[in-house]
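Asks: Dumping the structure here so I can ask a few things about it.
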Amino acid sequence: IMPILECRHLNKTYGRGESAVHALRDVNINFEEGEICAVRGPSGSGKSTLLHILGGLEYPTAGKVFYRGEDLFAYNDNQLSILRRRRFGFVFQAYNLVQELTALENILLPVLLDKKKPDEKYISMLTELLGLQDRLNHLPGALSGGQQQRVAIARALANRPALLFADEPTGNLDGKSGQEVLALLRYAGRELGITLVLVTHDLHVAEQAGRIITLEDGSVSQDSAPTKGGVEHES
């Protein structure tokens, strides 16, 4: 079976010469469809850089990323932004909601940007799944952090993406809200068949995933990918 996403020999360097920072060094990972995978490691280990490159938000210095066998960076900017909008969802630590729009308007934004008619039944199911029905007419300023993050998740899922990338999605939340948001991400992933790649420095968060990849100094130091016998392996 072809992996939904794979990266080959990914390298990312910022700067040049002696001040160069090697954020990623020869990273090779496959992600299977429907998988829930956490990428963890200390601050500065390259987690967010990896997520941004996998999601086509940033270009690698060297190496390739394949989405369903297609080279992500062979697309031009316009094709790549269409692919991101239709097939990828993103959730960030800072929510990134438009403050002047209601929760519902924020959720529908990617669909409307794509000039599509919202699937009302699906959006309604999504807001119910995320417990947002009675918050849809509120502006972000009137919502708690946990509710804002749920709106951000609903927005990321509005276009029915194949992949959901979450960068420290519980970073700004208290423990209880963080657990709820995480449970919702996992549930949404299972219910909608979405592949979830989650970046976190929090081991408790990582342990909720089916697979944990650990980065150190820009390289994969451990990968608990379940092998055929159900035995974990370390690389």
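The values are calculated or read from the model by the stated rules, or taken from the named source; none is laboratory data. All values derive from a computational prediction rather than experimental measurement. Virtual Cβ from ideal backbone geometry, glycine too; neighbours counted across all protein chains shown. Accessible surface is based on the protein model in full, side chains and every heavy atom, while ligands, DNA and RNA are left aside. Shrake-Rupley method; radii C 1.70, N 1.55, O 1.52, S 1.80 Å.
One line per residue, one yes/no per condition, for (1) out of contact with any helix residue (DSSP H, G or I) (no Cβ under 6 Å at 6 or more places or on another chain); (2) aliphatic (A, V, I, L, M); (3) at negative phi:
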{"residue": "Arg86", "(1), (2), (3)": "yes, no, yes"}
{"residue": "Val91", "(1), (2), (3)": "no, yes, yes"}
{"residue": "Gly141", "(1), (2), (3)": "yes, no, yes"}
{"residue": "Ala156", "(1), (2), (3)": "yes, yes, yes"}
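Asks: If you don't mind, another one. Pull up segment 1-27, narrow it to residues that are under 22 Å from Thr195 (Cβ atoms) and out of contact with any Leu (no Cβ under 8 Å at 6 or more places or on another chain), then point me to the one that is modelled with the lowest pLDDT.
Replies: Ranking the qualifying residues of segment 1-27, first place goes to Ile1.
Asks: Identify all residues within segment 194-219 that are in a loop (DSSP other than H, G, I, E, B), under 19 Å from Leu24 (Cβ atoms) and open to solvent by 40 Å² or more (accessible area, probe 1.4 Å); write none if there are none. Can you show your working first?
Replies: Taking segment 194-219 as the starting set, the residues that turn out to be in a loop (DSSP other than H, G, I, E, B) are 194, 200-202, 207-210, 217-218.
Of the ones still in play, those that are also under 19 Å from Leu24 (Cβ atoms) are 200-201, 217-218.
Listed by number, the residues that qualify are His201, Asp217.
Asks: Here is a list: Gly56, Gly63. Which entry is within 16 Å of the chain's Cα centre (by Cα) and over 22 Å from Leu203 (Cα atoms)?
Replies: Criteria check complete, one pass: Gly56.
Asks: Identify, from the list Ala166, Ala94, Ala162, the residue that is touching a strand residue (DSSP E or B) at 6+ places or on another chain (Cβ under 7 Å) and under 18 Å from Val205 (Cβ atoms). Give the steps one after another, and end with the answer.
Replies: Working: Ala94 fails: touching a strand residue (DSSP E or B) at 6+ places or on another chain (Cβ under 7 Å); Ala162 fails: under 18 Å from Val205 (Cβ atoms).
Unique residue meeting the criteria: Ala166.
Asks: For segment 164-193: of the residues being among the aliphatic types (A, V, I, L, M), touching a residue at least 40 places away in the same chain (Cβ under 8 Å) and surrounded by fewer than 22 Cβ atoms within 10 Å (Cβ to Cβ), which is farthest from Gln148 (Cα to Cα)?
Replies: The selected residue is Ala188.
Asks: Of all residues in segment 132-163, which are outside any helix (DSSP H, G or I) and open to solvent by less than 40 Å² (accessible area, probe 1.4 Å)?
Replies: Pass one, segment 132-163, residues outside any helix (DSSP H, G or I): 132, 136-139, 143-144, 158-163.
Result: Leu132, Leu136, Leu143, Ala158, Asn159, Pro161, Ala162, Leu163.
Asks: Would you please name the residue that is nearest to Ala103 (Cα to Cα), looking only at residues in segment 120-130 that are open to solvent by 40 Å² or more (accessible area, probe 1.4 Å) and of a type outside the set (Ser, Thr, Tyr)?
Replies: Step by step, filter segment 120-130, then rank; the result is Glu128.
Asks: Strands (runs of 3 or more DSSP E) wholly in segment 15-113 with at least 3 residues that are over 25 Å from Leu132 (Cβ atoms), in contact (Cβ under 8 Å) with a residue 12 or more places away in the chain and open to solvent by less than 40 Å² (accessible area, probe 1.4 Å) - which ones?
Replies: Qualifying strands (runs of 3 or more DSSP E): 21-31, 62-67.
Asks: In this structure, is Ile1 of a type in the set (Val, Ile, Thr), without any contact (Cβ under 8 Å) to a residue 60 or more places away in the chain and within 23 Å of Ala188 (Cβ to Cβ)?
Replies: So Ile1 fits the description; yes.
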